[in-house]
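The values are calculated or read from the model by the stated rules, or taken from the named source; none is laboratory data. Predicted, not measured: the structure shown is a model, and the values here were computed from it. Glycine gets a Cβ as well: all are built from the backbone with ideal geometry, and neighbour counts include every protein chain shown. Accessible surface is based on the protein model in full, side chains and every heavy atom, while ligands, DNA and RNA are left aside. Shrake-Rupley method; radii C 1.70, N 1.55, O 1.52, S 1.80 Å.
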Amino acid sequence: MNNDLLYRIALTRVPHIGDIHAKSLINIYGDAETIFKAPKKELENIEGIGTVRASSIKKFREFMYCEEEIAFIHQYRIQPLFINDPAYPKRLLNCYDSPALLYYRGNADLNTQKIIAIVGTRNHTDYGKQVCEKLVEELSGENILVVSGLAFGIDSIAHKTALKNNLLTVGVLAHGLDRIYPHQNKSLARQMTEQGGLLTDFSSGSKPDKQNFPKRNRIVAGICDALIVIESGKKGGSLITAELANGYNKDVFAVPGRSTDLKSEGCNYLIRSNKASLITSADELLQMMNWKVEHRKKAVQQKQLFIELSADEKKVVDILRERGHCSIDELFTKAGLSSSSMAAALLNLEMQGIIHALPGRIYRMD
């Protein structure tokens, strides 16, 4: 395992090899070690790699740093999640620029059935604080994972309120797990590792530099089913995260504010431009996401009416019964069906209320 991990970490540190190239190479070679041992000429001939990137792979010598990173991971009980690990967040697999390797410390299931991300301004108003607290409080008991960025303002309020209401909450960091930024949130971060977790694609020693935050935001946008923006100016990280979420085909919601409120300009813009749906309560979120309890009960009742399944439908049901939920790519791989057969099976099962389609092309048993 350590040998696998050594090459996985190394792959993320090769100059000119980003996440997209790393994932492309993994799809071809299957594992990171084989990539480093592949002939240079062979690497050069791979589309998108070429001479410069192939040379970077063959010349890489920073394995001592990778060994130090492994020691750090073991010392602080950090879970490395590589792109083809079963525990890797499946929703991120549908994002073209998802990280090849994540570092995770916590106990929350990153593939749980319902995940929301809450983002907003660091300099919130009382209105923003009240709306955020009320929304998260109303979600208690719904078994929803709350994700945010552990920043000052709305992020911290979302995390704290989730902890208070016994909801799991995960903070996505723009630096390594050897530090907490802002440092005032150290106590909050400690609580979150016991009731949620901390997640990053930055190795130890990485500082919270300005250019790291957009990378952090893409994970926040990609790991959730729904992104909720609570107070944002015309510019800033929250709007960038909302744009990313839209690009990943996530459901985006925004809390409206008065036309004169500068802190609500961003939210009002998202709603006005149809880039976010207006939301004012947790009940509205549950209804729009089809997470209401009555919907689930109705689906169970419908499911009992249909006993006979086709061979293709049974394959899909068996996979989802075992896994709970699955991306469309996983279903294709495990069921071995053609595109048309899979589409027909999924449609019939949805019509019967046996399965349910989640955002990000993920399916689950109802």
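Can you confirm whether P80 is in contact with a strand residue (DSSP E or B) (Cβ under 7 Å, 6 or more places away or on another chain) and open to solvent by less than 80 Å² (accessible area, probe 1.4 Å)? Don't jump to the end; show me each part of the working.
Values: in contact with a strand residue (DSSP E or B) (Cβ under 7 Å, 6 or more places away or on another chain): yes; open to solvent by less than 80 Å² (accessible area, probe 1.4 Å): yes.
Here the answer is yes, as P80 does meet what is asked.
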Given (1) surrounded by 15 or more Cβ atoms within 10 Å (Cβ to Cβ); (2) among the polar types (S, T, N, Q); (3) under 30 Å from N107 (Cβ atoms), where does S55 come up short, assuming only one miss? (3)
Restricted to region 83-115, and to residues that are at pLDDT 95 or above and of a type in the set (V, I, T), which residue is surrounded by the fewest Cβ atoms within 10 Å (Cβ to Cβ)? T112
Region 242-292, residues that are assigned to a loop (DSSP other than H, G, I, E, B) and of a type in the set (S, T, Y): Y248, S259, T260, S273, T280, S281
Please tell me if I223 is open to solvent by less than 60 Å² (accessible area, probe 1.4 Å) and touching a residue at least 24 places away in the same chain (Cβ under 8 Å). yes
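Is it fair to say A108 is over 23 Å from N2 (Cβ atoms) and more than 27 Å from the chain's Cα centre (by Cα)? So that I can check it myself, show each step before the final result.
On the way: over 23 Å from N2 (Cβ atoms): yes; more than 27 Å from the chain's Cα centre (by Cα): no.
When the stated conditions are applied, A108 does not pass them.
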If we keep only residues of region 120-155 that are closer than 17 Å to A189 by Cα and either among the β-branched types (V, I, T) or in contact with a Pro (Cβ under 9 Å, 6 or more places away or on another chain) (or both), then the residue surrounded by the most Cβ atoms within 10 Å (Cβ to Cβ) is V147
For region 329-366, name all the residues that are part of a helix (DSSP H, G or I) and aromatic (F, W, Y). F332
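For (1) over 17 Å from I154 (Cβ atoms); (2) at pLDDT 95 or above; (3) in contact with a Leu (Cβ under 8 Å, 6 or more places away or on another chain), each residue gets a yes or a no:
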site: A221; (1), (2), (3): no, yes, yes
site: K234; (1), (2), (3): no, no, no
site: I240; (1), (2), (3): no, no, no
site: N249; (1), (2), (3): yes, no, no
site: G266; (1), (2), (3): no, no, yes
site: N274; (1), (2), (3): yes, no, no
site: I279; (1), (2), (3): no, no, yes
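Just a yes or no: is a residue in region 98-106 over 30 Å from N166 (Cα atoms) and in contact with a Leu (Cβ under 9 Å, 6 or more places away or on another chain)? Walk me through how you get there before you give the answer.
Here is the first cut: in region 98-106, the residues over 30 Å from N166 (Cα atoms) are 100.
Pick out the ones that are also in contact with a Leu (Cβ under 9 Å, 6 or more places away or on another chain) and you get 100.
Checked against the condition, which is being over 30 Å from N166 (Cα atoms) and in contact with a Leu (Cβ under 9 Å, 6 or more places away or on another chain), region 98-106 yields at least one hit.
Can you find, within region 111-136, the residue that is farthest from the chain's Cα centre (by Cα) among those that are among the polar types (S, T, N, Q) and in a loop (DSSP other than H, G, I, E, B)? Step through it out loud before you land on a result.
Here is the first cut: in region 111-136, the ones among the polar types (S, T, N, Q) are 111-113, 121, 123, 125, 130.
Next cut, in a loop (DSSP other than H, G, I, E, B) only: 111-113, 121, 123, 125.
Working: N111: 9, T112: 11, Q113: 12, T121: 21, N123: 25, T125: 28 Å.
Selected residue: T125.
For region 164-187, indicate whether the set of residues that are more than 20 Å from G237 (Cβ to Cβ), buried (at least 21 other Cβ atoms within 10 Å of the Cβ), out of contact with any helix residue (DSSP H, G or I) (no Cβ under 9 Å at 6 or more places or on another chain) and not aliphatic (A, V, I, L, M) is non-empty. Break it down stepwise before answering.
The first filter runs over region 164-187 and keeps only residues more than 20 Å from G237 (Cβ to Cβ), leaving 164-168, 177-178, 186-187.
Then drop every residue that is not buried (at least 21 other Cβ atoms within 10 Å of the Cβ), which leaves 167-168, 177.
Now restrict to residues that are out of contact with any helix residue (DSSP H, G or I) (no Cβ under 9 Å at 6 or more places or on another chain): none.
Checked against the condition, which is being more than 20 Å from G237 (Cβ to Cβ), buried (at least 21 other Cβ atoms within 10 Å of the Cβ), out of contact with any helix residue (DSSP H, G or I) (no Cβ under 9 Å at 6 or more places or on another chain) and not aliphatic (A, V, I, L, M), region 164-187 yields no hits at all.
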Which one is modelled with the lowest pLDDT among residues in region 322-347 that are open to solvent by 60 Å² or more (accessible area, probe 1.4 Å) and under 11 Å from M365 (Cα atoms)? R323
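On the given criteria, is I78 touching a residue at least 12 places away in the same chain (Cβ under 8 Å), within 19 Å of F202 (Cβ to Cβ) and out of contact with any Ser or Thr (no Cβ under 6 Å at 6 or more places or on another chain)?
yes
Among I20, I9, I49, which is open to solvent by 70 Å² or more (accessible area, probe 1.4 Å), of a type in the set (A, V, I, L, M) and under 30 Å from L244 (Cβ atoms)? Can you show your working first?
Working: I9 fails: open to solvent by 70 Å² or more (accessible area, probe 1.4 Å); I49 fails: open to solvent by 70 Å² or more (accessible area, probe 1.4 Å).
So the residue among I20, I9, I49 that is open to solvent by 70 Å² or more (accessible area, probe 1.4 Å), of a type in the set (A, V, I, L, M) and under 30 Å from L244 (Cβ atoms) is I20.
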Report, by residue number, each residue of region 307-321 that is farther than 11 Å from L337 by Cα and open to solvent by less than 50 Å² (accessible area, probe 1.4 Å). V317, I319, L320
